[in-house]
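Encoded as structure tokens, the structure appears first; notes follow it.
The values are calculated or read from the model by the stated rules, or taken from the named source; none is laboratory data. Every value quoted in this text rests on a predicted model; they were computed, and no experiment measured them. A quick note on method: Cβ atoms are made from the backbone with ideal geometry, for glycine too, and the neighbour counts reach across all protein chains shown.
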There are 2 protein chains.
Amino acid sequence: MNIEIIAIGDELLAGKTANTNAKLISEKLYSKGYRVNKHHVIKDSVDCLATLIGEIFIEPSLVICTGGLGPTIDDLTKKAMQKSFDLELEVDQNLLKDLEVRFPGQSTLENQATVIKGSHLIENKLGTAPGMIYTFAKGKVILLPGVPSELEAMLGDVLAFIESSYTLSSVPFVRSLGVILSNEPEVDPIIRGLQEKHSGVEFGIYPNFGNISLSMTSLDEKELEEVVRKILLAFPRRTFFSENTRIEEAVHSLLIERGKSLALAESCSGGLLASCFTKQPDSSKYFMGSIVSYSNELKQKLLGVEEDTLEKFGAVSSQTVSQMLQGLFEKTDSDYGVAISGTAGPSGGTENTPVGTVFIGVGKKGEEPIVQKTFHRGNRARVTESTIIRALSVLYQKIKYESS
Amino acid sequence: MNIEIIAIGDELLAGKTANTNAKLISEKLYSKGYRVNKHHVIKDSVDCLATLIGEIFIEPSLVICTGGLGPTIDDLTKKAMQKSFDLELEVDQNLLKDLEVRFPGQSTLENQATVIKGSHLIENKLGTAPGMIYTFAKGKVILLPGVPSELEAMLGDVLAFIESSYTLSSVPFVRSLGVILSNEPEVDPIIRGLQEKHSGVEFGIYPNFGNISLSMTSLDEKELEEVVRKILLAFPRRTFFSENTRIEEAVHSLLIERGKSLALAESCSGGLLASCFTKQPDSSKYFMGSIVSYSNELKQKLLGVEEDTLEKFGAVSSQTVSQMLQGLFEKTDSDYGVAISGTAGPSGGTENTPVGTVFIGVGKKGEEPIVQKTFHRGNRARVTESTIIRALSVLYQKIKYESS
């Protein structure tokens, strides 16, 4: 079956926001064994949507449309569906009553309770626009609101509906692996070799700032496991498993498994490394916090970095990072600690520490810390992101392989 | 002219990542007055790309393709272009020499230096795959690498090329406005009214967690200014200007303008509020840092929150947030401070403080702080994001209107 996702919204075409809805829907469908063939983003336009749907339904399809169901002036999806498919709209009285209770006084509720006649509704617990599933001769169209939180909350019901409507003849097995401190040219020849021997396995290679995410898919579970074993052998002490192949999830699971605590001292990463942990439920089991000492003043006040050190070696130096780490352990008494100081640009670089230079310190309480001088290409956001991946990778290795 | 963006990559269709390249390209083009008509995401497949390009070039078009230029096994774009358009590929010897200097020892450099014969090359300073612009009878195809940092670094050259090739007859004026602490049903009737009177102005309404971003576009600058004036009058003390209509940018500019410093004490926002500031260049002019006291232990150790307070009222309480803010001012001596504690879920809610409850404290040194009890719908990520927008909005109002 052909699955395509259409996002409707001028704001996406104007670059106001990335199409995270298509990402999320695709991710969930992929995990259930369904494959999305295409994403489309089109204008808030009756004609555009009608034409595109017409083109897609040349073959039997499932089309998921996001956006354009709200009450604002640029929301036109229902009108487009009505016009292009000659559907009737009707006010759902039960829904209207429910909306009046949940959103008293809003003037647009009747508009929001207007649905496609004969469609299967999906409850929207967070907003006013219900989801609608309409079945045509050639397939189904699922309409969902564009607000990401509302859409996300409704996806469970949508997936259940899809699974009950479209049974997969065979669900492929998927294994994901991360290779840390690596790059494409290193990993590629090994995967090419494996691909030649294992034609039943589909490979994906996704570079991620000095780490590589590998995704292997096969209908043959045994062959898949053999491939995984070979990759593990090829990169000893540098691989991790994780459902989504994200290094922060691997560190998260490892810390919970080991029952150890973690605290951070961040400068140029500015709280973003902390958020890698706090965004994961249950991070409070190990994550104590982060001292984001962005100014030199706070490096001294909060972490006890010496004025002398800052003057002599600068904030971006192994000496400063060592003292940040030392101060961190003294203030928090955590088991593991990470300290980061660097220059993410665009200005602030010097001859010795050009923009992109970042010192990363990783330590365990009572042990000699590792302090690495690293260099990261790209703009401010990329330097920060790359720094975080590197710090997480070094921390993962430290916890997994180097600690008693 | 019809502009469309094609992203090539199975990882996008598998939901591994969102299509941030299309967002970025669209944003840059939009700011120059160009309108992107469609985004497409397709598989790593020769046939898919050839078919789609064929369909688009029924009318004169500019097509920008991202992805599929790297050396890995799933990179097929050049082959697809070659096969579908009967183009010749050739090794660019100058490029090959340059790559050998910059990436010594990599085995795939000849592959990377293979370009479409007759195409205009765009230098890739960060990676191995150059950009290529090929001109057909019916328009142009621009091939760019999929790695976001590489693509971003090349966009300046790409835009310059587009501007020199396609002159716009008239560049519309764009104004953006943010309305804080507001929602769609409140803003919508006002915009509808304005739209009736000002048919020469195009409106966009983008809800953003309790704030609204408005975008107004017109060829008539005077009419545009009149509309902006009317919106400002409709929402006194609740509007802000910013190029990208982001509240963190508005707070950033305001703090630099006023010459005041800021420090944070974060619990449930976990460093993410800090990163809203540190991701902006020049934030070091005002941003001192953040004490991310995620555990109760660190709330006591780093901010001096009393054990008694935590026991009696809990970490998610106005009392705890008040003490966090007080401790923050004592430790950092910053001019402004924000403290946040809440429960973002999925677990951890109680009867009095269900998941989504967040206390936000905003204060100025020496003044009585504002502490608000707020509630945010959605999952963990949404609660955090919504909290941050709220905290930034309250802080903006405090600095802009309530401080001497």
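Just a few scattered comments:
- Test for A:Asp308: is it within 10 Å of chain B (Cβ to nearest Cβ) and either closer than 26 Å to B:Ala344 by Cα or among the charged types (D, E, K, R) (or both): no
- Of all residues in region A:51-82, those satisfying the criterion of being charged (D, E, K, R) and farther than 15 Å from A:Val141 by Cα are A:Asp74, A:Asp75.
- Criterion: in contact with a Pro (Cβ under 9 Å, 6 or more places away or on another chain) and closer than 18 Å to B:Glu27 by Cα - qualifying residue of B:Val147, B:Val171, B:Val187: B:Val147
- Of the residues making up region B:60-81, at least one is small (Gly, Ala, Ser), facing chain A (nearest Cβ under 8 Å) and under 23 Å from B:Asp157 (Cβ atoms).
- The set of residues from region A:272-302 being more than 7 Å from chain B (Cβ to nearest Cβ), assigned to a loop (DSSP other than H, G, I, E, B) and out of contact with any Lys or Arg (no Cβ under 7 Å at 6 or more places or on another chain) comprises A:Gln280, A:Asp282.
- Lone qualifier among A:Leu76, A:Leu12, A:Leu29 - being buried (at least 16 other Cβ atoms within 10 Å of the Cβ) and over 25 Å from the mean Cα position of the chain (by Cα): A:Leu76
- Each residue in region A:18-27 was checked for being more than 7 Å from every other protein chain (Cβ to nearest Cβ) and at pLDDT below 95, and 0 pass.
Residues checked against (1) more than 30 Å from A:Ala153 (Cβ to Cβ); (2) of a type in the set (Phe, Trp, Tyr); (3) surrounded by fewer than 20 Cβ atoms within 10 Å (Cβ to Cβ):
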position	(1), (2), (3)
B:Phe313	yes, yes, yes
B:Ser317	no, no, no
B:Val321	no, no, no
B:Gln326	yes, no, yes
B:Glu330	yes, no, yes
B:Ile360	no, no, no
B:Lys365	yes, no, yes
B:Ile370	yes, no, yes
B:Thr374	no, no, yes
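- Residue identified as assigned by TED's automatic domain parsing to the domain that holds A:Asn37, more than 31 Å from the chain's Cα centre (by Cα) and closer than 28 Å to B:Glu202 by Cβ among A:Glu100, A:Glu110: A:Glu110
- Per-region count, region A:365-379, residues over 14 Å from A:Thr353 (Cβ atoms), part of a loop (DSSP other than H, G, I, E, B) and more than 9 Å from every other protein chain (Cβ to nearest Cβ): 5
- Where B:Glu248 falls short, out of the listed (1) out of contact with any Cys (no Cβ under 7 Å at 6 or more places or on another chain); (2) more than 8 Å from chain A (Cβ to nearest Cβ); (3) of a type in the set (Asp, Glu): (1)
- Within the set A:Ser199, A:Ser182, A:Ser176, A:Ser215, the sole residue that is of a type in the set (S, T, N, Q), within 28 Å of B:Pro145 (Cα to Cα) and in contact (Cβ under 8 Å) with a residue 60 or more places away in the chain turns out to be A:Ser176.
- Among the candidates B:Phe209, B:Phe203, the residue that is within 24 Å of B:Gln280 (Cβ to Cβ) and within 13 Å of another protein chain (Cβ to nearest Cβ) is uniquely B:Phe209.
- Among the conditions (1) in a helix (DSSP H, G or I); (2) within 21 Å of B:Phe209 (Cβ to Cβ), B:Ser341 misses just one, which is (1).
- Subset of region A:116-141 (residues that are out of contact with any Phe, Trp or Tyr (no Cβ under 8 Å at 6 or more places or on another chain) and among the β-branched types (Val, Ile, Thr)): A:Thr135
- Only residues that are under 15 Å from A:Arg238 (Cβ atoms) and either touching a residue at least 60 places away in the same chain (Cβ under 8 Å) or more than 9 Å from every other protein chain (Cβ to nearest Cβ) (or both) were counted in region A:185-196, giving 2.
- Enumerated strands (runs of 3 or more DSSP E) restricted to region A:144-252, each holding at least 2 residues that are in contact with a Phe, Trp or Tyr (Cβ under 8 Å, 6 or more places away or on another chain) and surrounded by 20 or more Cβ atoms within 10 Å (Cβ to Cβ): A:173-179, A:211-218
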